[in-house]
Amino acid sequence: MKLLLVGATGLVGRHVLKSALNDPRISNIVVLTRSASSAIDAHHKLDIIQINFDDLPQSAHWWNVDSVICTLGTTMKKAKTKTQFRLVDYDYPLVVATIARQHKVSSFVLNSSMGANVSSRLFHNQVKGDIEAAITKLDYPSLTIVRPGLIDGTRNEKRLGEQIMINFIKVFAGILPKSMQVNPARNIAHLMIEAALLQQQGIEFIRSQQLT
């Protein structure tokens, strides 16, 4: 299988890439990246394509893949404005999904968020709900939407408040329901790859309690 991955330098994306490179069922991985210095090591199964998400080439040969995994995402702290946050979490995933579908790609796997809802009063959750709804309208034969809660793993940047919450939840993991427990990034990556390979027909939601 040929896979296209966007968001390979983030926490979940790094785990997806590592697992995909080690999976014999995947013959080729195309990674779209904005930076030439993305610190992704070369590999015989890997094609690293430097692109501008604001001007994606629509006829490039590397769109001809079997499935797309999208782990693009940012935080308000990094984005600084709602406009920039929406650009990364809504506009960029949507343009990738749209062009891929135009190339007859049949499977799309999206890393979204627990609480995603177009009607949410929380901006983050509203944007996540918006991108889910928009990609649903593209009529992918197989669409998998993953909705993790707090994601555990080694990040490139410090998120003190989030780490305190993760540590607190871990202490009380034995008495908390699965829906409230942390989701290891490796678990999310594993299920995203399996969804891309299986290509179950229709729309499937993978929720936090399935990712613990």
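For region 14-50, enumerate the residues that are in contact with a strand residue (DSSP E or B) (Cβ under 9 Å, 6 or more places away or on another chain) and either aromatic (Phe, Trp, Tyr) or free of Cβ contacts under 8 Å to residues at least 12 places away in the same chain (or both).
42
Have a look at 117, 111, 125 and point out the one that is surrounded by 18 or more Cβ atoms within 10 Å (Cβ to Cβ), free of Cβ contacts under 8 Å to residues at least 40 places away in the same chain and closer than 26 Å to residue 181 by Cβ.
The conditions single out 125.
What number of residues within region 60-98 are more than 14 Å from the chain's Cα centre (by Cα) and within 22 Å of residue 198 (Cα to Cα)?
Counting residues in region 60-98 that are more than 14 Å from the chain's Cα centre (by Cα) and within 22 Å of residue 198 (Cα to Cα) gives 6.
Quick check on residue 204: is it in a helix (DSSP H, G or I), at pLDDT 80 or above and not aliphatic (A, V, I, L, M)? I'd like the intermediate steps shown before the answer.
Numbers: in a helix (DSSP H, G or I): no; at pLDDT 80 or above: yes; not aliphatic (A, V, I, L, M): yes.
Considered against the rule, which asks whether it is in a helix (DSSP H, G or I), at pLDDT 80 or above and not aliphatic (A, V, I, L, M), residue 204 comes out as no.
On the given criteria, is residue 146 β-branched (Val, Ile, Thr) and in a loop (DSSP other than H, G, I, E, B)? Spell out the reasoning first.
Details: β-branched (Val, Ile, Thr): yes; in a loop (DSSP other than H, G, I, E, B): no.
Answer is no for this residue.
How do the pairs read when you match residues in region 51-71 that are within 14 Å of residue 144 (Cβ to Cβ) with residues anywhere that are loosely packed, with under 12 Cβ neighbours inside 10 Å and not β-branched (Val, Ile, Thr), using Cβ under 9 Å and keeping only pairs 6 or more apart or on different chains?
Matching pairs, first to second residue: none at all.
Sort through 132, 162 and tell me the only one that's touching a strand residue (DSSP E or B) at 6+ places or on another chain (Cβ under 9 Å), of a type in the set (Asp, Glu) and at pLDDT 95 or above.
None of the other options fit; the residue is 132.
The values are calculated or read from the model by the stated rules, or taken from the named source; none is laboratory data. Just so you know, these numbers come straight off a predicted model, no measurement behind them. Heads up, the Cβs are rebuilt from the backbone with ideal geometry, glycines too, and the neighbour counts pull from every protein chain shown.
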